[in-house]
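Have a look at the structure below before the remarks.
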Amino acid sequence: MAAGVVLAAVALAGCSGDGGNDAASSDAAAPEYSGPQDKAAPQADTAGGAGEAKEKAGAPAQPNLTRAIVKTGSLTVEHADVDKQRQAAISVVTSLRGQVASEDTGSDNDGRITRANLVLKVPTPSYETAIQRLSELGTRTAIHQESSDVTEQVVDVDSRIASQRASLERMRALLAKATTIAEIVSVESELTRREADLEALLAKQKALSGQTELATLSLVIAEPGKAPVTVKDDRGFLTGLKGGWNAFTTTFFALTTVLGALLPFLVALALIGIPLWRFRHRIRRTPVTTPEQP
C-alpha cells in the first residue's frame, strides 16, 4: 500500500510538470511565431516601395505637351438695328483683346445698313466667351463651329527648324574652312538653299502660331427675315451623279435648241439645193452635137 501511494504521488507530480512545460513552451512559441510575421510585413512593404521607386526611376519622363487647337466658327444673328449691333460686336471683340480682320456691309436705298459681315479674330481661350456674348446681340439663327488638332504639325515644324539651324551652322563652319573658289561657290549655294528652306519653315511656324493663338469667327448681322441662307456643300456619289445628269440634260436641251433653230434653214437649202444638183447632173449627161464641116 505504501509503495502504491508513492507511485501515485510520483505519477501526479510528473503530469503536473509536463503540463507546466507544455504551457511554458506554448507561451514561448507564440511570440516566436508572431514575431516573424510582424517583421515580415514591413519588409514586404519596404520591398514593394523600393520596386515602385525603381520602376519610377527607370521609366522615361513624359514631356508636358501642350495641344495646339485651331478653332473656327460662324454665327448669324438677326436684329432690327444692324448698325448698332455691329458696333456692339466690335466692342465685344475689342474687350476680349481681339480684332476685326475684315468687314463687309450692305445698305438700302436710304443708306441704312441692313447687313453686316464681320470676320473676327479672338484669342483661342476667349473663343467660347465671344460666341456667348455675340449670340446675345440678337436672335441667333445659325451657328457652326469647327476645331482641328495641329499639334503634330507644330511639333514637326519645330523639329525641322532645329535641324535646319544645326545644318546651317555646319555649312557656315565648312565655308570658313573652304580654300578654293570652287569649294566656296559650292558651299555658298548650298547655304543659300538651306537658308531659304529655313525661312519657309519659319513662315509656316508663324502661320500655325497665328491660327492656334487666335480663333476665327465669321459674324453675320442682318435684319429679321433677311439673313443669307447657308448652302450646304454636299459631296459623294449621289451628288456627282446628280451634277452629271444636270450637265447632260443641259447639253441635250442646248443641242436640240440649236437644231430647232437651224432646221428651217436646212429645209430651205434642201428644197433649193436638191433640184439644182439634179439639173446639173442632167446637163452633164446630155451630149453636145458639133456641126459638120463642109
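The values are calculated or read from the model by the stated rules, or taken from the named source; none is laboratory data. Just so we're clear, the structure is a prediction, and the values are computed from it rather than from any experiment. Reconstructed Cβ throughout: ideal geometry from the backbone, glycine too, with neighbour counts over all protein chains shown.
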**Message:** Please count how many residues of the range 149-169 are over 30 Å from Ile69 (Cβ atoms) and loosely packed, with under 11 Cβ neighbours inside 10 Å.
**Reply:** 1
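For (1) in contact with a Phe, Trp or Tyr (Cβ under 6 Å, 6 or more places away or on another chain); (2) assigned to a helix (DSSP H, G or I); (3) hydrophobic (A, V, I, L, M, F, W, C); (4) at pLDDT 90 or above, each residue gets a yes or a no:
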{"position": "Gly35", "(1), (2), (3), (4)": "no, yes, no, no"}
{"position": "Pro42", "(1), (2), (3), (4)": "no, yes, no, no"}
{"position": "Asp45", "(1), (2), (3), (4)": "no, yes, no, no"}
{"position": "Gly48", "(1), (2), (3), (4)": "no, yes, no, no"}
{"position": "Gln87", "(1), (2), (3), (4)": "no, yes, no, yes"}
{"position": "Thr114", "(1), (2), (3), (4)": "no, no, no, no"}
{"position": "Leu118", "(1), (2), (3), (4)": "no, no, yes, yes"}
{"position": "Ile131", "(1), (2), (3), (4)": "no, yes, yes, yes"}
**Message:** Among the residues of the range 217-247, what is the count of those that are at pLDDT 85 or above and outside any loop (DSSP other than H, G, I, E, B)?
**Reply:** 7
**Request:** Of all residues in the range 146-196, count the ones that are without any contact (Cβ under 8 Å) to a residue 12 or more places away in the chain and assigned to a loop (DSSP other than H, G, I, E, B).
**Result:** 3
**Residue list for the range 200-216, restricted to those being of a type in the set (A, V, I, L, M), surrounded by 16 or more Cβ atoms within 10 Å (Cβ to Cβ) and assigned to a helix (DSSP H, G or I)** = Leu201, Leu208
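Rundown of residues vs (1) farther than 25 Å from Thr212 by Cα; (2) touching an Asp or Glu at 6+ places or on another chain (Cβ under 8 Å), yes/no style:
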| residue | (1), (2) |
| --- | --- |
| Glu78 | yes, yes |
| Ser95 | no, no |
| Val100 | no, no |
| Ser107 | yes, no |
| Val122 | no, no |
**Request:** For the range 136-143, state whether one or more residues are over 22 Å from Lys84 (Cα atoms), over 17 Å from the mean Cα position of the chain (by Cα) and of a type in the set (Lys, Arg).
**Result:** no
**Members of the range 103-142 found to be hydrophobic (A, V, I, L, M, F, W, C) and without any contact (Cβ under 8 Å) to a residue 60 or more places away in the chain, listed by number** = Ile113
